[in-house]
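Okay, so here's the structure we're looking at.
The values are calculated or read from the model by the stated rules, or taken from the named source; none is laboratory data. Every value quoted in this text rests on a predicted model; they were computed, and no experiment measured them. We place every Cβ from the backbone using ideal geometry, glycine too, and count neighbours over all the protein chains shown.
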Amino acid sequence: MANFYKNSFYDPSTTAAVTLYTAPVNANAIIQNIQITNTSGSKNVTARVTDFSASTSYIVAYAAVTGPTICNIAKGPIILEESDSISLESTDTSAISATIALLEISRDDQNG
């Protein structure tokens, strides 16, 4: 079993949901932080987890963010099982970005 710390970055070109990370079929992941950076204006940001086994998406975090500000919208760890994914969407594409910090726990000894 191997552990890998990873980041996934969000720099939107659309207001539609953008998948930032999908857990591999041989791994689970623990999302530790969803850091939103808004340099100006007001935006709503939504984080969703898609449960692959249930074919359903769930809102796991939501924030109205007025800039300039940086905030963490994950108020606790978010667990992704095999093939689950996390996506972000924002009501605006300018002056907004995000970083997701996670720990991927693989059943293999190589980073897949």
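State yes or no: is ALA29 surrounded by 18 or more Cβ atoms within 10 Å (Cβ to Cβ) and over 15 Å from ASN7 (Cα atoms)? Answer is no for this residue. Of the listed requirements (1) under 14 Å from GLN32 (Cα atoms); (2) in a strand (DSSP E or B); (3) in contact (Cβ under 8 Å) with a residue 40 or more places away in the chain, GLU89 misses just one: (1). The residue of the stretch 32-56 that is farthest from PHE4 (Cα to Cα), among those that are aliphatic (A, V, I, L, M) and surrounded by 12 or more Cβ atoms within 10 Å (Cβ to Cβ), is VAL45. Considering only residues that are touching a strand residue (DSSP E or B) at 6+ places or on another chain (Cβ under 8 Å) and of a type in the set (S, T, N, Q), which ones fall in the stretch 71-112? Listed by number, the residues that qualify are ASN72, SER83, SER85, SER87, SER90, THR91, SER97, THR99, SER106, GLN110, ASN111. Counting only strands (runs of 3 or more DSSP E) that sit wholly inside the stretch 1-52, those with at least 2 residues that are under 28 Å from ARG107 (Cβ atoms), touching a residue at least 60 places away in the same chain (Cβ under 8 Å) and touching a strand residue (DSSP E or B) at 6+ places or on another chain (Cβ under 9 Å) are 2-10, 18-22, 27-38. Taking first residues from the stretch 57-78 that are surrounded by 12 or more Cβ atoms within 10 Å (Cβ to Cβ) and partners that are among the small types (Gly, Ala, Ser) and assigned to a loop (DSSP other than H, G, I, E, B), the Cβ contacts under 6 Å between residues at least 6 apart in sequence or on separate chains come to ALA61/ALA74; GLY67/SER40; GLY67/GLY41. With respect to (1) farther than 14 Å from ASP11 by Cα; (2) touching a Gly at 6+ places or on another chain (Cβ under 7 Å); (3) not β-branched (Val, Ile, Thr), the lone exception for GLN32 is condition (2).
Considering only residues that are within 12 Å of LEU102 (Cβ to Cβ) and either modelled with pLDDT under 95 or not hydrophobic (A, V, I, L, M, F, W, C) (or both), which ones fall in the stretch 25-34?
If the condition is that a residue be within 12 Å of LEU102 (Cβ to Cβ) and either modelled with pLDDT under 95 or not hydrophobic (A, V, I, L, M, F, W, C) (or both), then ASN28, GLN32, ASN33 are the ones that fit.
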